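Visitor: Right, I'll just put the structure down here and ask away after.
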């Protein structure tokens, strides 16, 4: 089955974590070389590969005498500044025997939240792939602050899958995949070879109490698989230290856990709205508006808005919630928060009289809205 599903894959995003490429004595150059060889093999097989690689902070902290996690943001930034160049040098040297060129791309959340910068990053990425260069992407930890963080490179890899218009996401981990219980404490624990849909039960397996991977490692990977799925892309979570892992996975070998994509994928723009563009406020809507959005596929009109939270401008993203404050959609708003204070609860025909001008009848147009998965 896997072989059939993977037979049409032409562009792959590979994410590798610090736990795979970093050992007790520092950066594991043998693993770096093995991974680089695998990527070059995929290129030789006619595929294009984008690599999302962690490891900059872990690589650089030793130079500062830091043991364990850097205790402050500025130390983490300093460690990343030292480690990123060393990490890229390791990849450059590992790719050289195969006459392959690599390129570095460092991103923050703001780079993908801004649509123009998102498209600029995509153009750069596509140009590199056109010239058969392997882009190596990491979060720009040197300058990043909490407000513009991706959160983790698993999340980043899912966003890059959309950015690169990829056909598959492969997450290389230090575990063999997703298990139905903790294999360290339960000898009967079973690895899930296939996940058709990321349900609350699947999410509980990844982050539930007592889970081997409940510290955040597997939970973020399953969340990344869910996000990639909504873009129409499958995800494979697999042990990155297995020999020749990438060619084996792409050949259809039953390794790791394969998460299937949804049948009705989000467009690239709607995926960007849902996951890359940050929400600046919240709109609370009445029951009639809720039904119009969820059941009839309508746009959000000012008459259905009961209350609002936050300060935002026209063109910002907002959460749309029902009266119980449950999120039902996310979209790009057509009026600022100050304008909405004057028009919410009113009919669209009254907008021009209330404001003295009118952008449109809709507060959030259906084309700029993503309904929450139910």
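Visitor: May I ask you to verify whether residue 296 is outside the structural domain of residue 112 (by TED's automatic domain parsing), out of contact with any strand residue (DSSP E or B) (no Cβ under 6 Å at 6 or more places or on another chain) and either within 25 Å of residue 227 (Cα to Cα) or touching a residue at least 40 places away in the same chain (Cβ under 8 Å) (or both)?
Guide: Here the answer is yes, as residue 296 does meet what is asked.
Visitor: Would you check if residue 172 is in a strand (DSSP E or B), in contact (Cβ under 8 Å) with a residue 24 or more places away in the chain and crowded, with 23+ Cβ neighbours inside 10 Å?
Guide: yes
Visitor: Right, another one. When only residues in segment 326-374 that are in contact with a strand residue (DSSP E or B) (Cβ under 7 Å, 6 or more places away or on another chain) and in a loop (DSSP other than H, G, I, E, B) count, which is nearest to residue 281 (Cα to Cα)?
Guide: Only one residue fits best here, namely 333.
Visitor: For residues that are touching a helix residue (DSSP H, G or I) at 6+ places or on another chain (Cβ under 7 Å) and in contact (Cβ under 8 Å) with a residue 40 or more places away in the chain, scanning just segment 351-367, find the one that is surrounded by the fewest Cβ atoms within 10 Å (Cβ to Cβ).
Guide: Ranking the candidates gives 361 first.
Visitor: Considering segment 56-69 alone, what residues qualify as being without any contact (Cβ under 8 Å) to a residue 60 or more places away in the chain and within 25 Å of the chain's Cα centre (by Cα)?
Guide: 58, 59, 60, 69
Visitor: Look at residue 159 and say whether it is in contact with a helix residue (DSSP H, G or I) (Cβ under 9 Å, 6 or more places away or on another chain), touching a residue at least 24 places away in the same chain (Cβ under 8 Å), part of a strand (DSSP E or B) and under 25 Å from residue 32 (Cα atoms).
Guide: no
Visitor: Does residue 49 satisfy being touching a helix residue (DSSP H, G or I) at 6+ places or on another chain (Cβ under 6 Å) and in the same structural domain as residue 168 (by TED's automatic domain parsing)?
Guide: It is true that residue 49 is touching a helix residue (DSSP H, G or I) at 6+ places or on another chain (Cβ under 6 Å) and in the same structural domain as residue 168 (by TED's automatic domain parsing).
Visitor: Any chance segment 241-254 includes a residue that's assigned to a strand (DSSP E or B) and either closer than 25 Å to residue 162 by Cβ or at pLDDT below 90 (or both)?
Guide: No.
Visitor: Follow-up. I'd like the full set of residues that are assigned to a helix (DSSP H, G or I) and either surrounded by 14 or more Cβ atoms within 10 Å (Cβ to Cβ) or modelled with pLDDT of 95 or more (or both), limited to segment 292-319.
Guide: Scanning segment 292-319 gives 292, 293, 294, 302, 303, 304.
Visitor: Let me ask another. Scan segment 106-120 residue by residue and report those that are in a helix (DSSP H, G or I) and within 15 Å of the chain's Cα centre (by Cα).
Guide: 109, 110, 111, 112, 113, 118, listed by residue number.
Yes or no, residue by residue, for (1) closer than 16 Å to residue 326 by Cβ; (2) in contact with a helix residue (DSSP H, G or I) (Cβ under 6 Å, 6 or more places away or on another chain):
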position: 260; (1), (2): no, no
position: 277; (1), (2): no, yes
position: 284; (1), (2): yes, no
position: 287; (1), (2): yes, no
position: 297; (1), (2): no, no
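Visitor: Hey, can you tell me all the residues within segment 1-44 that are assigned to a loop (DSSP other than H, G, I, E, B) and either under 25 Å from the mean Cα position of the chain (by Cα) or modelled with pLDDT of 95 or more (or both)?
Guide: 7, 8, 9, 10, 17
Visitor: Working only within segment 265-280, note down all residues that are in a loop (DSSP other than H, G, I, E, B) and closer than 16 Å to residue 223 by Cβ. Reasoning before the result, please.
Guide: Within segment 265-280, the first condition is being in a loop (DSSP other than H, G, I, E, B), and the residues that meet it are 265-267, 277-278.
Listed by number, the list holds a single entry, 266.
Visitor: Would you mind telling me which numbered condition in (1) assigned to a helix (DSSP H, G or I); (2) modelled with pLDDT of 95 or more; (3) touching a strand residue (DSSP E or B) at 6+ places or on another chain (Cβ under 9 Å) residue 52 fails?
Guide: With (1) assigned to a helix (DSSP H, G or I); (2) modelled with pLDDT of 95 or more; (3) touching a strand residue (DSSP E or B) at 6+ places or on another chain (Cβ under 9 Å) applied to residue 52, the lone miss is (1).
The values are calculated or read from the model by the stated rules, or taken from the named source; none is laboratory data. Values in this document were obtained by computation on a predicted structure and should not be read as measured data. Cβ atoms come from the backbone with ideal geometry, glycine included; neighbour counts cover every protein chain shown.
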